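The values are calculated or read from the model by the stated rules, or taken from the named source; none is laboratory data. Remember, it's a predicted structure, so these values are computed and weren't measured experimentally. For neighbour counting, all protein chains shown are included, and Cβ atoms are generated from backbone atoms with ideal geometry for every residue, glycine included.
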């Protein structure tokens, strides 16, 4: 476990668990929290959830937690973990088959034209710079390019900002961020993809609102929703959120 300066008890109090059973646990991730360890060595959401499970269920040994998917560090919203290896295997299979529906909310300064649509781009990830970019297609120059698709809908506009509902159809690194930026609609606070100013806490206005799937063990449909952050100007959009 990473050992930066942090207050575990304070973090546990802030942890928002939004779904929990014997197979899965879901939390509402705050923007700025790292899901899985990286070169920074910062304390991660996965480590925090393990600590929560250990404390809640008075476990004395190691806690199993499988990482099913990730959200970029500055993004908030639903993150689902597996509590058993069987659940992890089955959730990974659902991911591979694109049988998990993920919807996001995004705030942008420029109104998209058209107001509703589907975006398809080929994307490649520059790992050295940790950015994704749009390329013309798969080629010798870009052999790792992957077709990326999402659909978006304008929910409404307030104070010169626009709230979009985004349905993610493929799961590429930084996909929503780079595809919206490509049509001239960078997400609020996202300096990496062209927004002019940062949010004070390093988050961006992209939030995983809901994940819908068939439970990997119970075989029942399940929808997990996460409220938007209670800071910045998310609150003013509450009346527009479906």
* In region 117-132, which residues are within 29 Å of residue 233 (Cβ to Cβ) and not in a strand (DSSP E or B)? -> 130
* **Among residues of region 6-36, those that are part of a helix (DSSP H, G or I) and touching a strand residue (DSSP E or B) at 6+ places or on another chain (Cβ under 9 Å), counted** => 0
* Structure fact -> The residue from 104, 64 that alone is modelled with pLDDT of 95 or more and assigned to a loop (DSSP other than H, G, I, E, B) is 64
* Structure fact -> Counting only residues that are surrounded by fewer than 14 Cβ atoms within 10 Å (Cβ to Cβ), modelled with pLDDT of 90 or more, assigned to a loop (DSSP other than H, G, I, E, B) and in contact with a strand residue (DSSP E or B) (Cβ under 8 Å, 6 or more places away or on another chain), region 211-242 contains a total of 1
* Test: residue in region 191-199 that is surrounded by 15 or more Cβ atoms within 10 Å (Cβ to Cβ), under 20 Å from residue 224 (Cα atoms) and touching a residue at least 60 places away in the same chain (Cβ under 8 Å) -> no
* Which listed residue, of 119, 88, 167, is under 30 Å from residue 24 (Cα atoms), at pLDDT 95 or above, over 17 Å from the mean Cα position of the chain (by Cα) and surrounded by 14 or more Cβ atoms within 10 Å (Cβ to Cβ) -> 88
* Asked: Give me the pairs: first residue in region 128-149 and without any contact (Cβ under 8 Å) to a residue 24 or more places away in the chain, second residue exposed (fewer than 15 other Cβ atoms within 10 Å of the Cβ), beta-carbon distance under 7 Å, and six or more apart or on different chains, which are they?
  -> 145/137; 145/138
* Asked: Can you tell me which of 27, 49 is in contact with a helix residue (DSSP H, G or I) (Cβ under 8 Å, 6 or more places away or on another chain), at pLDDT 95 or above and either at negative phi or surrounded by fewer than 18 Cβ atoms within 10 Å (Cβ to Cβ) (or both)?
  -> 27
* To do: Kindly establish whether residue 135 is farther than 23 Å from residue 74 by Cα and surrounded by 13 or more Cβ atoms within 10 Å (Cβ to Cβ).
  => yes
* Return the only residue of 176, 187 being in contact with a helix residue (DSSP H, G or I) (Cβ under 9 Å, 6 or more places away or on another chain) and surrounded by 18 or more Cβ atoms within 10 Å (Cβ to Cβ). => 187
* With respect to residue 205, is the statement that it is surrounded by 15 or more Cβ atoms within 10 Å (Cβ to Cβ) and on the phi < 0 side of the Ramachandran plot true? -> yes
* To do: Scan region 107-116 residue by residue and report those that are in contact (Cβ under 8 Å) with a residue 60 or more places away in the chain and either assigned to a strand (DSSP E or B) or under 21 Å from the mean Cα position of the chain (by Cα) (or both).
  => 107, 108, 109
